[in-house]
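Visitor: What follows is a single structure, and I will ask about it in a moment.
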Amino acid sequence: MTRSLTRPLIVAGCLVLALTVQPADAKPEVGKPAPDFSVADTTGKTWSLADLAGKGLILEWTNHDCPYVRKHYGSGNMQALQKEARDAGYLWLSVISSAPGKQGHVTPAQADELTKSRGAAPTAVLLDGDGAMGLAYGAKTTPNMFVIDGTGTLVYMGGIDDRPTTDPADVERAENYVRLAMTDLAAGRPVSNPVTRPYGCSVKY
Amino acid sequence: MRHGLVLPLLLLPPLLVWGNPVSTEQVTARLVAERLVVAPGEGAELLLVLDIRPGWHTYWRNPGDSGEPPRIVWELPAGVAAGTLQFPAPELIRVGPLANFGYSNRALHPVSLEIPANWPVGEPIRVRALAHWLVCEEHCIPESAVLDLSLPVADRPGPPDPEVARLFQEAREGLPLRAISDAVLRATPEGARLDVALPASVRRPVVVHFFPSTWGLIEHAAEQPWRLAPDADGGRVQIELTPDAEFESADPGGLLVLRSGDGVSRSYDLNPRRGVEVPPGPETMSSLGLPLALGFAFLGGLILNLMPCVFPVLAIKVLSLAGQGALDLRRRAVHGLSYTAGVLVFFALLGGLLLGLRAGGAALGWGFQLQYPPFVALMAYLFLVLGLALAGALILGARLMGLAGGSQGASQGSSRRPNQGLGAAFAAGALAALVAAPCTAPFMGAALGYAVTLAWPLALAILLTLGLGLAAPFLLLSLWPALAARLPRPGPWMEVLKQLLAFPLFGTAAWLLWVLSVQSGPTGVALVLSGMLLLTFGLWVRERTALAAAPWPWLGTAASVAALAGALWLALLTECPGIETPPNTPGAEWRTEPRPQPDQEPYSAERLAAARAEGRPVLVNMTAAWCITCLVNERVALSSRRVAEQLAAGDVLYLKGDWTNRDPAITDYLAGFGRTGVPIYVLYPRAGEPRVLPQILTPAIVEAAIASLGDPDPGLSRGEIP
């Protein structure tokens, strides 16, 4: 028997014995190809990583009622970052992974209204109600940021900055990791802080 | 309170309310002092109490996948200083696929205040704490409160305030009892393993959980299967962890929570060190020259022929040699060389594997095959089936029989096929090597310890020489007609001998099952016994149907293949992480026998270092259940009443390490002496260099060694006053 055949058999057997749970997920890793996704945005258009080759991509997990998200939208920090990124040629996808019935779940119309009322500037807002994309990326918090370069390689994952608080005053003092990553990429350097702790509210899968 | 303020405050996050206690929407916060009156120059113990609305929670110092721990910004009079906020052991709060570490219902955070000695008596200390916390149910709310507390100051502290005594008691019970530093965290092919020496008070925990101090070390939400290591004293727990993004660089520290059978949870600060690769050998090893090492390797290989765990295979070889008596020299030579090639190929493969593992950072020892339960199970199957075949219960095809008996098929009179034995001789050679490898004979330890520290071509040369030594006796007997001619002629005695030889094979299978029982507990033994039943039944079906009309032979073969697959599968399940040595089957069974046993403690590097620092002599014994030499030594030499008395009289600390399963701490220790296998016996005098005792012990050797520790202070008695 080959290894590829025996492994699932063993795992299944262990489950049958009800003695363990094997986490069988391939976790996203910086420097490796980013996990693929295929999720519809608020207009019904499906976005997938495979179609976006050649362009830098920023993913932002969000939940409009989360105080940590409100810190960045209320202060205008997130909107400014979105504009900056798109001016630099990045695509910006905001992802909402709240499950139906869970806090933060929105209809396409509500999502568009939020974008408009907050003056946000994402390329699109993806509605990941089944959590498939969030789980593929291991998104844990809102906000949780991912930067993918033009070759589809994940180059940054983690928090938006180094101030894990809800205090809007911290935005000024913070070192913004997404901005740092964009600067490093623009200069042709490897991202200096490629993995940081994401902070915020939990994603409501 | 302060209803008039509520509306404007809601518009002004963060919400700030003054007082003590302060009630927010989800939490009532208080800052209380243990004593109503404090004194200058003394500490004052305070407690931040957060009474949380049911269903909501606040966070531990590492909040887990989301959230934020409470914090306090102090406004204190000059000279008064506050310590850090303390965090009792948290709960694991699962949120879908994520996990948080925090508190439900009530969070208690002790904090100490330092009052300067020159604080004027009679002037109260006004403390203002700006407390921030995040409280979450499904969604999260950041809340804040300004907590004011005035502490009257007298020349001596007042009695504890009975109103809050229970709160303080509860808070302290939740704090870590002490730190455990005898813990190792290392990466494994499956993820990561934390190996912790259990405190003496919680030897049989029923719940074990590790809370990491920092983000990124491990997946917070991953299951943490654990088992008690089958240590002599059941003194270690192994926890399987799932590494996260910063596993390599994050602080490995955290909190270990243990719940014992009485339902009481205790927590311990854990400061594991990271497991390291086998370090490059110290000077003493390099000083062993290559020719000498090769000589030892060859000698070790020769001696392996006589080791107990090679004996069954040796017996098979004798049997097949007898069978070859009828063959001509050329054929015998080819058989001998095939056997040698089998041994060498196996040693080369094993050496490659060992070096690969070394390169991969897994500091594993030579005996690691028998530390892997599925391997033990497979060997037990093999010996059972070979034993059945030898006993005549099964007439296996040439393949298995060949594996067992080398060219034994050649002896079976009319059914003799001259060319058949070559592959079988090769297989018998490989089998002999496979079984021999874990028996770290006295010479093998030194040679292997030397080998793993070398560049790979030299290391392979050592291992191949070892293999050559193992193969040499058989090769010589094959090549040297004079010797071969002295062997008895084939005859009816061979059948008797063959049947007799089944019993060492059954014995080996029984021994392997015992090893497995130590590794995988009753569940593992049950799995393998079921596998054995399945396997023998499948073989019996095949046996019954082999000579019947079509399609019966085909069906019989299919049944036996299915049975084999099932048995293999069951064997692999012995490695399921959940299978553990159950808490209620202590290894103590082996210590309750009425034999004199010296007082012993489980080995840990810390215990050894501590005893050495005290200037106490130490005897270290590294052993394993599958190491026959070790068991014999313990029975014969270390368990004598005289040795026990001597150890007690000389105040010698006896530390015993069990390497039955992979234990990185012991692997490291062995590597320090250039060994990759057990046994090793090291005697540390009160001061000075440790002395390694021989690997085969007699009571006389041990008694002489301990007696040589003799005079408690030999330096002074010789007049060498510093």
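The values are calculated or read from the model by the stated rules, or taken from the named source; none is laboratory data. All figures in this text were calculated on a predicted structure; none of them were measured in a lab. Methodologically, a virtual Cβ is constructed for each residue, glycine included, from the backbone with ideal geometry; neighbour enumeration extends over all protein chains shown.
Visitor: Report, by residue number, each residue of region B:660-695 that is in a loop (DSSP other than H, G, I, E, B) and in contact with a Ser or Thr (Cβ under 7 Å, 6 or more places away or on another chain).
Guide: B:Gly674, B:Gly677, B:Val678, B:Pro679, B:Gln695
Visitor: Examine region B:564-583 for a residue that is at pLDDT 80 or above, more than 14 Å from every other protein chain (Cβ to nearest Cβ) and either part of a helix (DSSP H, G or I) or over 30 Å from B:Arg203 (Cβ atoms) (or both), and state whether such a residue exists.
Guide: Within region B:564-583, not a single residue is at pLDDT 80 or above, more than 14 Å from every other protein chain (Cβ to nearest Cβ) and either part of a helix (DSSP H, G or I) or over 30 Å from B:Arg203 (Cβ atoms) (or both).
Visitor: B:Asp51 fails exactly one of the following numbered conditions: (1) crowded, with 19+ Cβ neighbours inside 10 Å; (2) at pLDDT 95 or above. What is the number of that condition?
Guide: (1)
Visitor: Now for a separate question. Name the residues in region B:91-105 that are at pLDDT below 95 and away from chain A (no Cβ under 14 Å), would you?
Guide: Of everything in region B:91-105, those that are at pLDDT below 95 and away from chain A (no Cβ under 14 Å) turn out to be B:Glu91, B:Ser104, B:Asn105.
Visitor: If you take the residues of region A:136-157 that are within 11 Å of chain B (Cβ to nearest Cβ) and polar (S, T, N, Q), which of them is surrounded by the most Cβ atoms within 10 Å (Cβ to Cβ)?
Guide: A:Thr142
Visitor: Further, regarding this structure: For A:Ile160, state whether it is in contact (Cβ under 8 Å) with a residue 24 or more places away in the chain and within 14 Å of chain B (Cβ to nearest Cβ).
Guide: yes
Visitor: Could you list all residues from region A:147-175 that are of a type in the set (A, V, I, L, M) and either over 23 Å from A:Ser48 (Cα atoms) or in a loop (DSSP other than H, G, I, E, B) (or both)?
Guide: A:Ile160, A:Ala169, A:Val171, A:Ala174
Visitor: Right, something else. Filter region B:131-165 down to the residues that are within 14 Å of chain A (Cβ to nearest Cβ) and either under 17 Å from B:Ile115 (Cα atoms) or not in a loop (DSSP other than H, G, I, E, B) (or both) and list them by number. If you could, list the steps in order and put the result at the bottom.
Guide: If we filter region B:131-165 for residues that are within 14 Å of chain A (Cβ to nearest Cβ), which is where we start, we get B:131-144.
Those that are within 14 Å of chain A (Cβ to nearest Cβ) and either under 17 Å from B:Ile115 (Cα atoms) or not in a loop (DSSP other than H, G, I, E, B) (or both): B:Ala131, B:His132, B:Trp133, B:Leu134, B:Val135, B:Cys136, B:Cys140, B:Ile141, B:Pro142, B:Glu143, B:Ser144.
Visitor: When you go through B:Pro110, B:Pro124, B:Pro142 one by one, which is the residue that is modelled with pLDDT of 95 or more and either at positive phi or not assigned by TED's automatic domain parsing to the domain that holds B:Ser265 (or both)?
Guide: The match here is B:Pro110.
Visitor: Go through B:Ala232, B:Ala200 for me and flag whichever is more than 14 Å from chain A (Cβ to nearest Cβ), assigned to a loop (DSSP other than H, G, I, E, B), at pLDDT below 85 and crowded, with 19+ Cβ neighbours inside 10 Å.
Guide: On inspection, the qualifying residue turns out to be B:Ala232.
Visitor: Output yes when any residue across region B:629-650 is in a strand (DSSP E or B) and at pLDDT 80 or above, and no when none is.
Guide: No, region B:629-650 contains no residue that is in a strand (DSSP E or B) and at pLDDT 80 or above.
Visitor: Starting from residues that are among the aliphatic types (A, V, I, L, M) and more than 14 Å from B:Pro110 (Cβ to Cβ), keep the ones in region B:55-88 and report whichever is surrounded by the fewest Cβ atoms within 10 Å (Cβ to Cβ).
Guide: Filtering region B:55-88 for residues that are among the aliphatic types (A, V, I, L, M) and more than 14 Å from B:Pro110 (Cβ to Cβ), the one surrounded by the fewest Cβ atoms within 10 Å (Cβ to Cβ) comes out as B:Ala78.
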